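Everything on this sheet refers to the single structure shown next.
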Amino acid sequence: MTEHGEDYRDANLTNQVWEQRAFENCTFVDADLRGLVTKGCTFDKCDFGRADLGESRHSASAFRSCTFTRTNLTHSAFVGCSLLGSMFYECRFRPWKLEETDLTLVSLAGANLRRTPLAGLRFREANLTEADLRETDLQGTDLRGARLLHTQLADADLRGAQLDANGLKQAKLAGARVDLDTAVAFAAAHGLQIG
């Protein structure tokens, strides 16, 4: 059974465990969700503005087209989740644990994710404009179609990551660690003739 349009504004929901629950167009603005555990839950078009999700744990849950504005996500973990199309503005993340999580079409513009382990995640067509990803582990990450204008990737590990020519031209890659394929693609994207 899906909860439609419920208002959890300012609710104190700390340390609860939710399993197989579904929410659509619900408001969690200013809610205290610290320590919340979700398992197999779905959140569609929900608003988590200024909510406290610190130390929360989420497994096999989906947050689709949700809005996180000035949300506290420190020490939270998302494992086997989907954040498809969700938007994050001025949130606190670090440290943030993401494993086997799909971030396709996510907006993390301007986010401070420095040193956050993001290896193997899917960021297809994500908006990472001006995000701080310095010293971040992005090995094997799918960044195809991602917007990387002025994204800071200094000293990031991009070995095995998939980036398109546009991303290689727009991002700040000085000092990033790459494999040979990415180095060749970078040179080609910048107009160098190889061979």
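Checking each residue in the stretch 16-47 for being farther than 15 Å from residue 4 by Cα, crowded, with 23+ Cβ neighbours inside 10 Å and out of contact with any Asp or Glu (no Cβ under 7 Å at 6 or more places or on another chain) picks out 36, 38.
Considering the stretch 160-191, and only residues there that are closer than 28 Å to residue 95 by Cα and open to solvent by 80 Å² or more (accessible area, probe 1.4 Å), the residue that is modelled with the lowest pLDDT turns out to be 174.
Evaluate the following for residue 106: is it on the phi < 0 side of the Ramachandran plot, free of Cβ contacts under 8 Å to residues at least 60 places away in the same chain, out of contact with any Lys or Arg (no Cβ under 7 Å at 6 or more places or on another chain) and loosely packed, with under 15 Cβ neighbours inside 10 Å? No: the conditions fail for residue 106. State yes or no: is residue 40 touching a residue at least 12 places away in the same chain (Cβ under 8 Å) and in contact with a Gly (Cβ under 9 Å, 6 or more places away or on another chain)? Against the criterion (touching a residue at least 12 places away in the same chain (Cβ under 8 Å) and in contact with a Gly (Cβ under 9 Å, 6 or more places away or on another chain)), residue 40 does not qualify.
The values are calculated or read from the model by the stated rules, or taken from the named source; none is laboratory data. Since this is a predicted model, take the numbers as computed values, not measurements. Glycine gets a Cβ as well: all are built from the backbone with ideal geometry, and neighbour counts include every protein chain shown. Surface accessibility is based on the protein's heavy atoms, side chains included, excluding ligands, DNA and RNA. Shrake-Rupley method; radii C 1.70, N 1.55, O 1.52, S 1.80 Å.
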